[in-house]
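Coordinate-derived values only; no laboratory data. These numbers come from a predicted model, not from an experiment. In this analysis, Cβ positions are derived from the backbone assuming ideal geometry, glycine residues included, and neighbour counts consider all displayed protein chains.
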Amino acid sequence: MDTTLTDNQELPFCGGITVIHTPGHTPGHLSLYHQKSKTLIVGDAMNIMDGKLMGPRKEILEEGDYEIAMDSLKKLLKFDVKNIVTYHGGLYTNKPHESIEKKLIK
C-alpha cells in the first residue's frame, strides 16, 4: 500500500512518530521525530563531521536549495530533542537542540 505522508502528521507507531517536511536536500525530504525517545531522524537535512553537528552542505545543493534547507531546520526547534540521527555521521547526543540553534544563527 502506498501512502503519502504530510507535514506534522502523527504516526501511531513505536510510541508516536511526527512527520516533518524538511525540503532542501530534495523537495520531498522528510525528517521524523520519535516522541517516546525524543529522537529526531533527519536523514540528509543535517550531517555530523568530526563529531560536530552540521547543517546542510551548501556545496552539494542546487542554487536556492541551501536557503530552503536552512529554513527547514527552523521546524526542528519546536521538538524536545535528546538524540539526532543523521544519514551521514549517525547518532548525535551532545546538546542537539542547542546545536540546531547555532546552525541557524550563523
Quick one: which of LYS82/LYS103; LYS58/LYS82; LYS52/LYS78 span more than 19 angstrom between C-alpha atoms?
LYS58/LYS82; LYS52/LYS78
By average C-beta atoms within 10 angstrom, highest first, the peptides 31-40, 49-58:
31-40, 49-58
Which order do VAL42, VAL81 fall in if you start with the one that has the fewest other Cβ atoms within 10 Å?
VAL81, VAL42
Whole-number D in µm²/s for the range 52-106 (Stokes-Einstein; Kirkwood sum over Cα pairs; 4 °C, 1.567 mPa s):
109
Using R₀ = 30 Å, calculate the FRET efficiency as 1/(1 + (r/R₀)^6) where r is the Cβ-Cβ separation of ASP7 and ASP50; round to 0.05.
0.40
What distance in nm separates the simple spin-label points at ASN94 and LEU77, each placed 7 Å from Cα in the Cβ direction?
2.2
Fewest to most neighbouring Cβ within 10 Å: what's the order for HIS97, HIS25, HIS88?
HIS88, HIS97, HIS25
For the chain, what is the calculated [θ] at 222 nm in deg cm²/dmol (nearest 500), taking -39500 (n - 2.57) for each run of four or more DSSP H residues and dividing by its residue count?
-6500 deg cm²/dmol
Against the globular-protein guess of 2.2 N^0.38 Å, express the Cα radius of gyration of the range 10-105 as a ratio, rounded to two decimals.
1.00
